[in-house]
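Visitor: Sharing a structure, written as structure tokens. Questions coming.
What follows is calculated from the coordinates using simple rules that are stated; it is not laboratory data. All of these numbers come straight from a predicted model, not from anything done at the bench. We place every Cβ from the backbone using ideal geometry, glycine too, and count neighbours over all the protein chains shown.
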Amino acid sequence: MFNVTRLNHAVLWVRDADKAADFYHRVFGFEELERPQGMRAAFMRSPSGGNHHDLGLFEVGAEAPRPPRGSVGLYHLAWEVGTIEDLAAAAKAVPATTGSASRCTAVTPTATSSRSCGRCRARRGASTRTLALCCRSTWTRSWRAGGPVPPSSSREAPVATLARVAPVPVIRSGAHLAHTGLIELTGGREIPCWESPERATAIESALRAAGGFAFEEPTEHGREPILAVHDADLLEVFEGAWTDALAAGATDGSRAWIPDTYLLAAYPGPMTLGGHPALRHQRLGAYLFDTATPIVAGTWSAALAAVDVALTAAERVAVGAPLAYGLCRPPGHHAARRMLGGYCYFNNAAIVAEWLRREGGARRVAILDIDYHHGNGTQQVFWERGDILYLSLHADPGRAYPYFSGYAAERGSGDGDGLTRNWPLPAGASLDPYATALAEALRLVEAFAPDAPLVISAGFDTFERDPIGDLALRTADYAEIGRMVRGLGLPMVVLQEGGYALDALGDNALALLTGLRSA
Ligand code: Q9C
Ligand code: ZN
């Protein structure tokens, strides 16, 4: 499918409205809005979302000359129509069989035209409420080459350009749906976990409604890529915790499992301890740093699937997609080498980065983490690595979860000295300070010169209305962030991390992805 960008309200004069409507549906994903009664016309809406496009297809009749072969009957283009109602009004002013192909027809229903096209004298107004048609021949000629382009000889630069942009692969799986019924403890109270299946559902449906995305299932990658980042004993305990908890009667299966003891570094003191319990749900307390990582029957498979989602997205980019989105759930950036936490089980982003090194032939991989929280797990995994850059913008841990990492002084060590960088942000930070920090981070990415796709840990808990965050980004800001990152010119793998304002999550993800794929 093609993707329409920068097309503002086009009107196409076509030989056959049915065929044209079908074409625009199949090739560009336009949805039909309306077939006005008594008119050979179709009104359609583009899938590109955000920048909202409408399209009017008007049949000019069979006596009009044939378009070039393969040009699907496109005769005329027009642009700058304010609303679909304007289109309808304009259409009534045009005889149903206007179709003399050698000359263009101008219609200016609200008559604010100020200039004429030098080629055809069609009047074209400065007002967006003016409809004008012009220069059909040039447009049709270039059609097959990837869409109409403005006639270069014309000083009239049309607003409309149809760009051939492949849909963005969105890798998603339904496996996360069973990772549900989760609870967390907040201020001593048990509440439904913010990290819910509806999050991924909301994002997926927003992207589907917007169009321009290709939804794909992940392929299985097995445990090897996970074991390149996480310790085998973590996997063993995580995998078996639920069944052991059930078998031991520690849970009746109706509630998420949250262990009751946590093995802190401070626990042993001078002691040499003699062992660990055999049951994995009890051992789990040595592999968690908080109570925000509940386990239910579907958790293990969901976490495995999230890794497959991430790796499949990375593969799409590795074979040439400029951008792919892994709709990971559960998220990953709080999960460390042998530690779960913060709604995270496997560190999807770290696994992708390591996989790009080992399997993707990359020598330098950069990870940009824009979740509200510091990605303590990712930072830990690559702390001493000279081949992986980890950059994180987040709420200052002096006031925000996870509290114990993400300070500006943390910069990596050994080979990784200087290759971890943190930008703690004050409460209430809006796009301005955010963009300043981001620009700094992007300069470091450039200096590092990755030879692999940029891995983006994307959280939308930086949103102004996020229930657990206190930054102040707005939906449109994510598009701006996307455009800034896009400026690097690197291919990109976007992996879903946090974001809990359910009603805005889809729009925010759409905005980021739209910015990331902007021209
Ligand atoms: N109720 C991500 O955004 N907070 N994780 C728990 C106790 C945990 C956030 C506070 C926040 C984890 C991926
Ligand atoms: Zn977060």
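Visitor: Is the C-alpha gyration tensor of segment 353-503 telling us rounded, prolate or oblate? Criteria: a/c under 1.5 is rounded; beyond that, a/b larger than b/c is prolate, otherwise oblate. Please report the intermediate quantities before stating the final value.
Guide: Working: a/c = 1.80, a/b = 1.39, b/c = 1.29.
Prolate, since a/c reaches 1.5 and a/b exceeds b/c.
Visitor: Can you compute the FRET efficiency between S254 and R223 using 1/(1 + (r/R0)^6), with r the Cβ-Cβ distance and R0 = 30 Å? Round to the nearest 0.05.
Guide: Numbers: r = 29 Å, r/R0 = 0.98.
Efficiency computed from Cβ-Cβ geometry: 0.55.
Visitor: Which whole number in µm²/s is D for segment 168-518 by Stokes-Einstein, with the Kirkwood Rh taken over Cα pairs at 20 °C and 1.002 mPa s?
Guide: Values: Rh = 20.0 Å.
This corresponds to a translational diffusion coefficient of 107 µm²/s.
Visitor: Can you give the % of DSSP beta bridges in segment 168-518 that are antiparallel, to the nearest 5?
Guide: On the way: 7 of 38 bridges.
Given both bridge residues lie in segment 168-518, the antiparallel proportion sits at roughly 20 percent.
Visitor: For a quick check: with amide H placed at 1.01 Å from N, whose amide H comes under 5 Å from L389's, ignoring anything fewer than 5 positions away on the same chain?
Guide: Counting only residues 5 or more places away or on other chains, the set is V365, A366, I367.
Visitor: Please say if segment 375-449 is rounded, prolate or oblate, where rounded means a/c under 1.5 for a ≥ b ≥ c the square roots of the C-alpha gyration tensor eigenvalues, and otherwise the choice is prolate for a/b larger than b/c and oblate otherwise? Don't jump to the answer; show the numbers that get you there.
Guide: Details: a/c = 2.76, a/b = 1.29, b/c = 2.14.
Oblate, because a/c is 1.5 or more while a/b does not exceed b/c.
Visitor: I need the peptides 269-280, 486-497 ranked by packing, meaning the mean over residues of other C-beta atoms within 10 angstrom, with the highest value on top. Working shown, then result.
Guide: Details: 269-280: 9.4, 486-497: 22.5.
Per-residue Cβ counts within 10 Å, averaged per peptide and sorted highest first, yield 486-497, 269-280.
Visitor: Which loop chymotrypsin sites (Phe, Trp or Tyr not before Pro) in segment 372-436, with loop taken from DSSP, have no more than 15 other Cβ atoms within 10 angstrom of their Cβ?
Guide: Values: sites: Y372, F382, W383, Y390, Y403, F404, Y407, Y434; in loops: Y372, W383, Y403, F404, Y407.
Filter output for segment 372-436: Y403, F404, Y407.
Visitor: If Lys and Arg each add +1 and Asp and Glu each add -1, what is the summed charge of the other residues whose beta carbon sits under 15 Å from the beta carbon of I226?
Guide: Numbers: positive: R223, R337, R338, R357, R358; negative: E220, E224, D231, D233, E236, E239, D308, E354, E359.
So the environment of I226 carries a net charge of -4.
Visitor: Using Cα pairs closer than 8 Å and at least 6 residues apart in sequence, work out the relative contact order for segment 168-518, in percent. Could you put the intermediate results ahead of the total?
Guide: On the way: 799 pairs, mean separation 64.3, N = 351.
18 percent.
Visitor: Within 10 Å, count the other beta carbons around each residue, average over each peptide in 437-447, 300-310, 174-184, and list them highest first. It would help to have the intermediate numbers written out before the result.
Guide: Values: 437-447: 15.5, 300-310: 25.5, 174-184: 19.0.
Top to bottom by mean Cβ count within 10 Å: 300-310, 174-184, 437-447.
Visitor: In µm²/s, what is D for segment 264-417 at 10 °C and 1.306 mPa s, where D = kT/(6 pi eta Rh) by Stokes-Einstein and Rh is the Kirkwood radius from Cα pairs?
Guide: Working: Rh = 16.8 Å.
It comes out at roughly 94 µm²/s.
Visitor: For the ranges 341-353, 252-264, 415-427, what's the packing order if you count other beta-carbon atoms within 10 Å of each residue, average per peptide, and put the highest first? Intermediate values should be presented prior to the final figure.
Guide: Details: 341-353: 29.8, 252-264: 14.5, 415-427: 17.8.
So the order, starting with the most tightly packed, is 341-353, 415-427, 252-264.
Visitor: Say each of D451 and A408 gets a label point 7 Å from the Cα, pointing the same way as Cα to Cβ; how far apart are those two points in nm?
Guide: Here the answer is 3.4 nm between the modelled labels.
Visitor: With each label point set 7 Å from Cα along the Cα-Cβ vector, what nm distance links F215 and L502?
Guide: Going by the 7 Å Cα→Cβ label model, 1.9 nm.
Visitor: For L177 and A247 in one chain, what is 0.36 nm times their gap in residues minus the Cα-Cα distance, to one decimal in nm? Intermediate results must be reported in sequence, preceding the final value.
Guide: Working: separation 70, 0.36 × 70 = 25.20 nm, distance 2.35 nm.
Answer, rounded to one decimal: 22.8 nm.
Visitor: Given 0.36 nm per residue, what is the gain on full extension from E190 to A435 after removing their alpha carbon distance, in nm? List each step's numbers first, then the result.
Guide: Numbers: separation 245, 0.36 × 245 = 88.20 nm, distance 3.62 nm.
84.6 nm is the gain from fully extending E190 to A435.
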